[in-house]
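What follows is a short report on a single structure.
Values quoted throughout were computed directly from the atomic coordinates according to the rules given, and no laboratory measurement underlies them. Here the structure is a predicted model, which means the values were calculated and not measured. Heads up, the Cβs are rebuilt from the backbone with ideal geometry, glycines too, and the neighbour counts pull from every protein chain shown.
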Amino acid sequence: MRLSWTVFATALIAALLGAAAFAGIERVVPAAAGERARVEGVVHDYVLAHPEIIPEALDRLRDRAHADTIASNRDAILKPFGSAWAGNPAGDVTLVEYFDYNCGYCRASLPAIAALLKSDPKIRIVYREFPILAQSSVDAARMSLAAADQGKFQQFHDALYAGGQVSPQSIAAAAKAAGVDQARAAAFAPKADAEIAQNQTIARALGLTGTPSWVIGSKVVSSALPLDELQKAVAEARAGK
């Protein structure tokens, strides 16, 4: 469906200049049809002459949509499930990782996360189960949430990653090593499934495209990030960018 230039111009100018600035433009430019057509023509010609502004405008619109989604689902994103967090409980910046235990990129991100926690005592990591790769991902997420409910998330998290390929055997071994009460874990399954479903719903709203995905401040990144990129994202969140 082709959007009218009025709609596109509104979105583009609002994205580039900000909603407040565009409100000022609307007060200055008369609402007459002829004037509106003239403004649309100016925008049309400018966009054709400078097409490189379109990706920037779309990025800004996407970032605003992400910020709105984060704000309206704040607790479901930023509030840890049980003990599924690390770092400073009163940290000034929270990084939320949506991850899958079968994800090789999530595994590869472990050293960067550990280094970030060691280098920055003011941050908090919140882990959100986002099992999308296999049934064993779902099984691991359920046990991980049961461990988090029992205050043993980190122990299970570390043990499962240390146990190699995710399987029923490695999940059971990690749970045993972490001291997870198996009977309580079995009874906890419906609550774990509800948490996973909520994470998946919010992930769709945020447009997450895979794992690991990050919510850092008001921004969303669907990619594995090296330490320097994580540090840059934290610095931007602190600066309110």
Of all the residues that make up the stretch 92-113, how many are under 11 Å from the mean Cα position of the chain (by Cα) and over 14 Å from LEU230 (Cα atoms)? 2
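Matching residues to (1) part of a helix (DSSP H, G or I); (2) buried (at least 20 other Cβ atoms within 10 Å of the Cβ); (3) on the phi > 0 side of the Ramachandran plot; (4) in contact with a Lys or Arg (Cβ under 6 Å, 6 or more places away or on another chain):
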{"residue": "ALA148", "(1), (2), (3), (4)": "yes, yes, no, no"}
{"residue": "GLY151", "(1), (2), (3), (4)": "no, no, yes, no"}
{"residue": "PHE156", "(1), (2), (3), (4)": "yes, yes, no, no"}
{"residue": "LYS176", "(1), (2), (3), (4)": "yes, no, no, no"}
{"residue": "PRO190", "(1), (2), (3), (4)": "yes, no, no, no"}
{"residue": "GLN200", "(1), (2), (3), (4)": "yes, no, no, no"}
{"residue": "VAL215", "(1), (2), (3), (4)": "no, yes, no, no"}
{"residue": "VAL221", "(1), (2), (3), (4)": "no, no, no, no"}
{"residue": "LEU230", "(1), (2), (3), (4)": "yes, yes, no, no"}
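When you check ASP120 against the structure, is it over 23 Å from GLY210 (Cα atoms) and either in contact (Cβ under 8 Å) with a residue 60 or more places away in the chain or within 21 Å of the chain's Cα centre (by Cα) (or both), yes or no?
Details: over 23 Å from GLY210 (Cα atoms): yes; either in contact (Cβ under 8 Å) with a residue 60 or more places away in the chain or within 21 Å of the chain's Cα centre (by Cα) (or both): yes.
Answer is yes for this residue.
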